[in-house]
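S.K.: I am attaching a structure below and will ask some questions about it afterwards.
The values are calculated or read from the model by the stated rules, or taken from the named source; none is laboratory data. Given the structure is predicted, the values throughout are model-derived calculations rather than measurements. Cβ coordinates were reconstructed from backbone atoms using ideal geometry, including for glycine residues, and neighbour counts include every protein chain displayed.
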Amino acid sequence: MAKTDKQLHIAMFPWLAMGHIYPNFELAKIFAQKGHSITLISTPRNIGRLPQVPSHLEHLIKLVSLPILPKHRENLPDNAESSNDITPNQIPYLKMAYDGLQESLSQLLKSSPPDWILYDFASEWLPPLARSLQVQCVFFGISPAWNICFFDTPKAQLGNAAAFRTKPEDYLRPPQWVPFHSNIGLKPYEVKKMFEGISDKETGNTVSFNFNKAVSDCDFFSFRSCNELESEWLNLLAEIYKKPVAPVGVIPPSCQVRVVDEEDNNTEWLKIKSWLDKQQPGSVVYIAFGSELELGQQDLTELALGLELSGLPFFWALKKQRDSSVDLPDGFQDRISDRGVVCKDWVPQLKILAHESIGVYFTHCGPGSVIEGLHFGRVLVMLPYLLDQALFARVLEEKKLGIEIPRNEEDGSFTRNSVAKSLRLALIDVEGSIYREKAKKMGLLFSDKDRHEEYINKFLERLQNNKAPSKN
Ligand SMILES: O=c1ccn([C@@H]2O[C@H](COP(=O)(O)OP(=O)(O)O[C@H]3O[C@H](CO)[C@@H](O)[C@H](O)[C@H]3O)[C@@H](O)[C@H]2O)c(=O)[nH]1
């Protein structure tokens, strides 16, 4: 990679979730590869979970651990430092812990002021802090821009009473500041969840994210996204917030900087590969729901029986459930053993998705997973759980890049029949060919290394051209 001219010092302070920290880490390596120095800041346990920094970049990437003080970790389980370590109703306490890092972050930025800091949706207090230290800040979203356009009410609309969405129905459709046709919107069961908020049922503590303040206060926006996916949303965001938007591209696997000898001959992978090698090209459904999601018994049962009913070969990366009473239906593994594998471990997802036997990726629509699936041109079958995942599914369905499993509008339940039908539509039915063609085409755009490197270069140029005044 060519180096960009002025060397920058860039700090990154992602939300305490590995789904946020990993993409920042990948970006850090890409920036460092171009000669910039990076300080990636999180808590000790999260930093410890990151893969090794490639040795040729060690002098440029500083991983800084800020411990959560005991007074800020009240009600958090022992050692919990990320959303992977807690249940959703404990999110308010993780946010308190994150806010508690303010003082030590401030000390760190003072002692070694970066030119820029990339921050996340959960630290609404960071832009004023950065500005007081003459550090400029970029809001960096790990999900597409449509999330902000949909969930936040831009300041320009604040005087307009009709713009306020107070009723649950308001979230079933696009807000009034979206000028183009879109099917973006939540389903009734999702809206209900959103209005209930995230709270600890025992103490009644609710989470207090100030999303509007966090996004409105940046010097400019950036996203793990690209025009090929959402030019209409990126342009709309720039227009309604009157701020520049410079996506970094989708940080596709082909642009990521790997440690050279990364476990290619790992025995677990060789076992998986040997099974995949025996399948026909494009015939296998790969199922994985990211790093956090745990299915309830009813969903797990319908999903398993839907896979069985589909008659298709599949590879299912099913993490160990925290609730050990939730299990696969009786006799399931025996009945499907001639055409399906259930792996209850962490799997090398990128290698699996890259394998030619994979035809469909059955996903929860976490941003990392969607990008990886599309990168390899796989049709997505989608079963979203969180709200950002839901919007991803709506937009991709509209673009005919994926098929969302139909659910009961009121309670979000789904049936084994709808699973089997959606999988067959995505993989073999003639009517599904449009999805297969579109996914292939998007795969070419997502895997175009030069295209995505160009996004990175433009982003870095913007940082260089707006370099903050020198600090003494
Ligand atoms: O066995 C596995 C399972 C997952 N992965 C990888 O884990 C990542 C998962 O990331 P993502 O798809 O973004 O999903 P989550 O980890 O589930 O992300 C969660 O966390 C994000 C940040 O909180 C939210 O935005 C998402 O909606 C939420 O699903 C991907 O890179 C996968 O390749 C593996 O390598 N092996």
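S.K.: Of the residues Glu454, Glu461, Glu398, Glu410, only one is in contact with a helix residue (DSSP H, G or I) (Cβ under 9 Å, 6 or more places away or on another chain), acidic (Asp, Glu), touching a residue at least 24 places away in the same chain (Cβ under 8 Å) and more than 23 Å from Pro313 (Cβ to Cβ); which?
M.R.: Unique residue meeting the criteria: Glu410.
S.K.: Which of the following residues is within 16 Å of the ligand (Cβ to nearest atom) and either buried (at least 17 other Cβ atoms within 10 Å of the Cβ) or in the same structural domain as Leu396 (by TED's automatic domain parsing) (or both): Cys226, Cys255, Cys218?
M.R.: It is Cys255.
S.K.: So, one more: Scan the range 20-29 and give yes if some residue there is within 18 Å of His452 (Cα to Cα), out of contact with any strand residue (DSSP E or B) (no Cβ under 7 Å at 6 or more places or on another chain) and among the small types (Gly, Ala, Ser), otherwise no.
M.R.: For the range 20-29, residues within 18 Å of His452 (Cα to Cα), out of contact with any strand residue (DSSP E or B) (no Cβ under 7 Å at 6 or more places or on another chain) and among the small types (Gly, Ala, Ser): absent.
S.K.: Is there a residue being within 16 Å of the ligand (Cβ to nearest atom) and buried (at least 19 other Cβ atoms within 10 Å of the Cβ) anywhere in the range 53-68? Lay out the reasoning, then the answer.
M.R.: Here is the first cut: in the range 53-68, the residues within 16 Å of the ligand (Cβ to nearest atom) are none.
No, the conditions are met nowhere in the range 53-68.
S.K.: Out of (1) surrounded by 15 or more Cβ atoms within 10 Å (Cβ to Cβ); (2) of a type outside the set (Ser, Thr, Tyr); (3) out of contact with any Lys or Arg (no Cβ under 8 Å at 6 or more places or on another chain); (4) in contact (Cβ under 8 Å) with a residue 60 or more places away in the chain, what's the single condition that is false for Phe25?
M.R.: So the condition that Phe25 fails would be (4).
S.K.: Sticking with this structure for a sec: Would you be able to tell me the number of residues in the range 372-381 that are within 13 Å of the ligand (Cβ to nearest atom) and farther than 17 Å from Glu397 by Cβ?
M.R.: Total meeting the criteria: 3.
S.K.: All but one of (1) in a helix (DSSP H, G or I); (2) touching a helix residue (DSSP H, G or I) at 6+ places or on another chain (Cβ under 7 Å); (3) more than 14 Å from the ligand (Cβ to nearest atom) hold for Ser274; which doesn't?
M.R.: Against the list (1) in a helix (DSSP H, G or I); (2) touching a helix residue (DSSP H, G or I) at 6+ places or on another chain (Cβ under 7 Å); (3) more than 14 Å from the ligand (Cβ to nearest atom), Ser274 comes up short only on (2).
S.K.: Note down all Cβ pairs under 6 Å where the first residue falls in the range 357-368 and is on the phi > 0 side of the Ramachandran plot, the second is modelled with pLDDT of 95 or more and within 7 Å of the ligand (Cβ to nearest atom), and they're at least six residues apart or on different chains.
M.R.: From residues that are on the phi > 0 side of the Ramachandran plot, the pairs are Cys365/Gln389.
S.K.: In addition: Val341 - would you say it is under 25 Å from Glu308 (Cβ atoms) and surrounded by fewer than 22 Cβ atoms within 10 Å (Cβ to Cβ)?
M.R.: Considered against the rule, which asks whether it is under 25 Å from Glu308 (Cβ atoms) and surrounded by fewer than 22 Cβ atoms within 10 Å (Cβ to Cβ), Val341 comes out as yes.
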